[in-house]
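These notes concern the structure reproduced below.
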Amino acid sequence: MTPGFAGHTLKIMLIPLRELPPEGALFTLADQSAWLAPIRAFGMKCAVSRPLVASVSVIPAESGCLARGRLAGTVVLPCNRCAEDASVSLTADFEEFEPLPEKARENGEESRIVLRDGVPLLDLDALCWEEFLLALPLAPLCRPDCKGICPACGTSLNNGPCACARDGLDPRLAALRGLKMR
């Protein structure tokens, strides 16, 4: 167990690269605390509705390791338009070369490999967490035709129109209403 984010204790899956066979090995990260602890620690508005699972093949190399894998699961995020729950299925294939820390520093990169007593260990949790963040949609929607909320009263327009009076014009463009085109 290792101290984690904001007082949370995390189990970290460290893979000793020197102990892997030349053809590599397959690892599965299915422990939900690997996902839930950082979600809580970072205050993300995200809930896991179908367990997140990452299967990763790790192949050692002289200057690091190659990690190929797949992340799958379902999360619930706030809709980008109306803030209601949006269920998002995640399926992401990835392939990353992780350089040894000294090689990464030379190139100005970060490495998911840590050295403990000179032994290179791949931090599989960190690698999978990064892939999870990359797999999240930028603008999740509760449904493709989400109408959002009324900017004046905040009523969800998915439930029907609100009672706000509208002249049909955007108030931000009011200064342009008197403009005449030639």
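Annotations for the structure displayed:
- Val88, sole failed condition from (1) touching a residue at least 12 places away in the same chain (Cβ under 8 Å); (2) over 30 Å from Cys150 (Cα atoms): (2)
- Condition met for Ala152 (surrounded by 11 or more Cβ atoms within 10 Å (Cβ to Cβ), assigned to a loop (DSSP other than H, G, I, E, B) and in contact (Cβ under 8 Å) with a residue 12 or more places away in the chain): yes
- Single residue of segment 2-15 satisfying the filter (among the hydrophobic types (A, V, I, L, M, F, W, C) and either within 19 Å of the chain's Cα centre (by Cα) or not assigned by TED's automatic domain parsing to the domain that holds Ile39 (or both)) that is modelled with the highest pLDDT: Met13
- For segment 99-116, filtered to residues that are crowded, with 17+ Cβ neighbours inside 10 Å, out of contact with any Ser or Thr (no Cβ under 6 Å at 6 or more places or on another chain) and not hydrophobic (A, V, I, L, M, F, W, C), the residue that is modelled with the lowest pLDDT is Ser111.
- Highlighted here are the strands (runs of 3 or more DSSP E) found entirely within segment 16-84 that include at least 3 residues which are in contact (Cβ under 8 Å) with a residue 40 or more places away in the chain and outside the structural domain of Gly160 (by TED's automatic domain parsing): 47-61, 64-78.
- Among the residues of segment 117-147, those that are surrounded by 15 or more Cβ atoms within 10 Å (Cβ to Cβ) and more than 21 Å from Ala37 (Cα to Cα) comprise Pro120, Leu121, Pro140, Leu141, Cys142, Cys146.
- Matching residues in segment 41-83 - criterion: being in contact with a Ser or Thr (Cβ under 7 Å, 6 or more places away or on another chain) and farther than 30 Å from Leu17 by Cα: Ser49, Arg50, Thr74, Val75, Val76, Cys82
The values are calculated or read from the model by the stated rules, or taken from the named source; none is laboratory data. Because the structure is a prediction, the values reported are computed rather than measured. No Cβ is skipped: glycine too gets one built from the backbone with ideal geometry, and neighbour counts run over all protein chains shown.
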